[in-house]
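Only one structure is covered here, and it is reproduced in the block below.
The values are calculated or read from the model by the stated rules, or taken from the named source; none is laboratory data. Keep in mind the model is a prediction, meaning the values are calculated, not measured. Cβ sites come from the backbone with ideal geometry, for glycine too, and all protein chains shown count toward neighbours.
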Amino acid sequence: MSRKRYGQGIALGAMCVLSLGIIFSMKTMKEQGTVAASGTPVDVVGMNADTYQVKELHKLEDGSYVVYGAAKGFAGDIETAATFDETGENILSLKVLSQGETDGIGSKVTEDEFISQFHNIAVPIKVADLEVVSPTTGKVNTSGEAAATTELADENYSSIEWNPEDTSPEANAMRTLYDSGLLASSKKGEKLSTPITDLSPEEQAKAKLQKANLLVSASEDEPTGEPVTVTDVDAVSGATVSSKAVATTINNGYFFLKEAVLK
């Protein structure tokens with residue numbers, strides 16, 4: 001009898017462990033935001049998805065699209081799932097699926113205070129000093145409030161003036177890059193702005209040639225695209241690079257839909 005009860009106890013314990021495992025797995029899937037499970041995968045072969053850093057595309061029953069994308073953050077790639085309406089002109093919701101940013105700083109891009117800004121707004125978007133760039137056509141002309149935020153730096157400008165209250169390692173790294181002439185803004189005579197790593201390969205090469213004075217003319221026109229109106233959103237304090245990475249996945253998703261899917 002005791003052996004029977006012992007066996008029943010083991011079986012019951014195993015069932016409890018299994019149940020807890022299932023509950024934990026479901027909770028994890030929910031927290032990671034595995035959306036679009038009910039959507040239809042769209043074949044992106046031949047759409048140049050890699051250039052837009054788009055990993056997957058799903059179309060939902062209501063005609064909206066879920067774009068799974070990635071962009072380089074401060075510590076590594078940040079992966080998101082952005083849901084756009086059927087026109088591709090508005091983002092309906094956003095989920096950060098994976099990130100390895102600094103805990104308590106860059107990791108805040110997963111928190112609702114930041115994520116909620118991307119619910120039901122027009123795209124593309126502008127975060128901090130992010131340039132709105134199409135991965136295939138180069139920088140686009142922007143209009144609206146965000147387009148007027150570029151400020152030229154005078155001869156007395158110091159990168160310390162950029163977000164002086166932000167003393168995080170991330171912000172200090174940005175200032176060092178600017179002072180070293182490795183940011184697009186420092187090459188254009190602007191105040192601290194987009195890092196060279198955020199530019200297209202062609203623009204990176206051009207910036208490096210300019211730095212070495214190997215271009216015939218430093219005033220050569222930059223690639224432009226169609227004018228767009230951008231929407232301003234707030235970056236996470238102390239986590240500009242992480243915030244810009246999330247915004248980049250959204251903008252890349254927007255350009256992918258407009259230039260490759262809905263063209």
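Here are a few things to note about the model shown:
- Taking segment 51-73 as the range and being part of a strand (DSSP E or B) and buried (at least 19 other Cβ atoms within 10 Å of the Cβ) as the test, the residues that pass are Val54, Leu57, His58, Tyr65, Val66, Val67, Tyr68, Gly69, Ala70, Ala71.
- Considering Ile125, Ile105, the condition of being buried (at least 22 other Cβ atoms within 10 Å of the Cβ) and closer than 24 Å to Met174 by Cα is satisfied by Ile125 alone.
- So Glu165, is it modelled with pLDDT of 60 or more, closer than 15 Å to Val123 by Cα, surrounded by fewer than 17 Cβ atoms within 10 Å (Cβ to Cβ) and of a type outside the set (A, V, I, L, M, F, W, C): no
- So Thr87, is it out of contact with any Cys (no Cβ under 8 Å at 6 or more places or on another chain) and either modelled with pLDDT under 95 or assigned to a loop (DSSP other than H, G, I, E, B) (or both): yes
- Test result for Leu215, surrounded by fewer than 19 Cβ atoms within 10 Å (Cβ to Cβ) and at pLDDT below 75: yes
- Of the listed requirements (1) basic (Lys, Arg); (2) farther than 22 Å from Leu257 by Cα; (3) part of a strand (DSSP E or B), Lys108 misses just one: (3).
- Evaluation of Thr249 against the conditions (1) under 15 Å from Pro135 (Cβ atoms); (2) modelled with pLDDT of 90 or more; (3) surrounded by fewer than 20 Cβ atoms within 10 Å (Cβ to Cβ); (4) in contact with a strand residue (DSSP E or B) (Cβ under 6 Å, 6 or more places away or on another chain) shows that the sole unmet condition is (3).
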